[in-house]
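Comments concern the structure below.
Read the figures in this text as sums done on the coordinates, not as results from a lab. This structure is a prediction, so every number in the text was calculated from the model and none was measured. We place every Cβ from the backbone using ideal geometry, glycine too, and count neighbours over all the protein chains shown.
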Amino acid sequence: MRVRPRRTAAARPEPLRTCVGCRQVKPRSVLHRLAVVDGSIVVDPRRVAGRSAYLCREGACWELAQKRRALDRALGSPVTAQDWERLRQGIMT
């Protein structure tokens, strides 16, 4: 009887996502994920199904995304100025 050597699982490459602000493709771990949960925007949600968007951690990307209304289009719902301020306070500090 032959004994087969055990195969180890191949290391999976990290998924790439596109920042809606600067449009650069980066690894998922270096981006913030934003999703709409019960009508409010949540940052880095765990196991939320549905539409989400990714933004870099740099402030310039956030300003560009707000100016271009890229987050509104990606999430499919309007993002108010109060939402942007709340997001910046929670993340950019």
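Helix 59-68 versus the longest principal axis of the chain: what is the Cα-based angle in degrees, 0 to 90, to the nearest 10?
Approximately 60 degrees, to the nearest ten.
Round to the nearest 0.05 the FRET efficiency obtained for Arg69 and Leu16 when R0 = 22 Å and r is the Cβ-Cβ distance. Display every interim value, and only then the final one.
On the way: r = 24 Å, r/R0 = 1.08.
E between Arg69 and Leu16, to the nearest 0.05, is 0.40.
Given R₀ = 41 Å, FRET efficiency for Val48-Arg4 by Cβ-Cβ distance, to 0.05?
Working: r = 41 Å, r/R0 = 1.00.
It comes to 0.50.
Using only alpha carbon pairs under 8 Å that are at least six residues apart, calculate the relative contact order of the chain and give it in whole percent.
Working: 109 pairs, mean separation 22.1, N = 93.
Result for the chain is 24 percent.
To the nearest 10 degrees, how steeply does helix 81-91 sit against the main Cα axis of the chain, on a 0 to 90 scale?
50
Based on DSSP H runs of at least 4 residues, each adding -39500 (n - 2.57), what is the mean residue ellipticity at 222 nm of the chain after dividing by all its residues, to the nearest 500 deg cm²/dmol?
Values: 3 runs with 27 residues, N = 93.
Roughly -8000 deg cm²/dmol at 222 nm, from the helical runs in the chain.
Taking the number of other C-beta atoms within 10 Å as the exposure measure, put Val25, Val36 in order starting with the fewest. Working shown, then result.
On the way: Val25 11, Val36 18.
Ascending Cβ contact count within 10 Å gives the list Val25, Val36.
In whole Å and largest first, what semi-axes does the C-alpha gyration tensor of the stretch 16-91 yield when each eigenvalue is scaled by 5 and square-rooted?
On the way: eigenvalues 52, 46, 27 Å².
In descending order the semi-axes read 16, 15, 12 Å.
Kindly put Lys26, Lys67 in sequence by how many other C-beta atoms sit within 10 Å of each C-beta, fewest to most.
Lys67, Lys26
Can you give the extra length, in nm with one decimal, that the chain gains between Val37 and Ala81 once fully stretched, where that is 0.36 nm per residue apart less the Cα-Cα distance? Don't skip to the end; give the middle numbers.
Values: separation 44, 0.36 × 44 = 15.84 nm, distance 1.79 nm.
Stretched out fully, the Val37 to Ala81 stretch lengthens by 14.1 nm.
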